[in-house]
1. Restricting attention to the alpha-carbon atoms of the chain, what are Rg (one decimal) and Dmax (integer), both in Å?
2. How many angstrom lie between the Cα centre of the stretch 54-82 and the Cα centre of the stretch 304-334?
3. Excluding Asn95 itself, what net charge comes from residues whose Cβ is under 11 Å from its Cβ, given Lys and Arg +1 and Asp and Glu -1?
4. Check every DSSP H run in the chain and write down those whose alpha carbon atoms cover 24 angstrom or more along the long axis and whose mean Kyte-Doolittle hydropathy is -0.5 or greater.
5. Using the 2.2 N^0.38 Å rule of thumb for compact globular proteins, work out how the stretch 169-316 stacks up: its C-alpha Rg over that value, please.
6. Only counting other Cβ atoms within 10 Å, I'd like Thr300, Thr288 sorted with the fewest neighbours first.
7. For a quick protection proxy, order the peptides 80-87, 62-69, 35-42, 12-19 by their average other-Cβ count within 10 Å, most packed first.
8. Grab the chain and count how many Lys pairs have their alpha-carbon atoms under 23 Å apart, sequence gap of 8 or more, or different chains.
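Taken together, the values in this text are just the output of simple stated rules run on the coordinates, not laboratory data. For clarity, every value in this text was computed on a predicted model and none was experimentally measured. Cβ coordinates were reconstructed from backbone atoms using ideal geometry, including for glycine residues, and neighbour counts include every protein chain displayed.
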Amino acid sequence: MSTSQPENTQPIGLDVGSSRVVVARTVAGKYQYESQLNAFLAVPYSKLTATLLDSDNVLHAVEGSEILVIGSAAQRFAEVFHVAIRRPMRHGVLNPQEPHAIVVLRCIFTKLLGKSSAEGQKVFFSVPAPGISGDHGISYHQAAIGQLLSELGYSPTPFEEGLAVVFGELDASNFTGIGISCGSGMCNACLAVLSMPVISFSISKAGDFIDSQAALVTGDLTDHTRLQKEQSFRINGLAGGDRTNNALNVYYQEMVANLVESLRGQIASGKRLPRIDKPVPLVLTGGTAMPKGFLECFETALRSSEFPLRLSEIRVAADPLNSTARGALMAALC
Ligand SMILES: Nc1ncnc2c1ncn2[C@@H]1O[C@H](COP(=O)(O)OP(=O)(O)O)[C@@H](O)[C@H]1O
Ligand SMILES: [Mg+2]
């Protein structure tokens, strides 16, 4: 297992997502990001394989009779070995059915963060907001991630992902507005007023839902469907004859409709909603907000019926894969 040990004692922002782990730091006054796929694959142990992975600097760990190839390298090795990629997290939290979840995350954190360079060095890490229909393992997840970071010598603070988006994107409106992160396992949303969360929630229809449902109706592999979505897909309705494209369009619309309805419902039923006189901005981020046409799709769903708040603008963040980590860092620096 290799480690990197930067001598930077500044606070750190960490986005612990179902598909990627992103670390944000300030280096010479600038934000700097590093990420690893939050994934691994298992191959049978052999001394030769372990030596080759070592000499190739591939992130890995030996667990009993298996070698776990961990992080971004897992994608490459999955294609070479024709082995399925596994993920330590599902729907935004530790996957209770994955026995290697903790080992894999420890390895990824060690690679991305190294040991703390000063006692009590701060790490703000993203956690999901409560799900509309219950906790779904969030407390355990939060405690376990906190413990892994403490083991590395950090002082960890959990920070809700939607609020991190507000910190990362809405400084111009005094951290007042709606931040939404659309990831793989979840969408997280937060309405904040002057940096304080007023309403926050998570829903589990997000990128993985789109991939698995689209793959189900086309009969294709989920991983192939995901790759097509990430590489060449745009949201433009049922435009051509490509079945995967059409299926992705259908499930994207369903996901966005679900997100907008949940947002509408949560805000409309907010009991202690402060009076918000001015229209507020809404910002969308995360990998699932990246395809062309996403903003238009979201706006169309929003216009389909009345929204309980006036919005000044709706936009997609400039750097959707890094903005949660940056927001967590900004919160840690406050
Ligand atoms: N260019 C892209 N177009 C469409 N979807 C993308 C793109 N890049 C990543 N994704 C999707 O975004 C999700 C990952 O986003 P991310 O914000 O990193 O999620 P998480 O926070 O869950 O790790 C996955 O479902 C992935 O397939
Ligand atoms: Mg995320």
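1. Rg and Dmax of the chain, Cα atoms, are 20.1, 66 Å.
2. If you average the Cα positions of each part, the centres end up 35 Å apart.
3. Charge balance in the 11 Å sphere: +2.
4. Working: long enough: 243-268 (37 Å, -0.22).
Span-like helices here: 243-268.
5. Working: Rg = 16.0 Å, N = 148, 2.2 N^0.38 = 14.7 Å.
With N residues counted in the stretch 169-316, Rg over 2.2 N^0.38 Å equals 1.09.
6. Working: Thr300 15, Thr288 27.
Fewest-to-most ranking of Thr300, Thr288: Thr300, Thr288.
7. Ranking, from highest mean packing down: 12-19, 35-42, 62-69, 80-87.
8. 8
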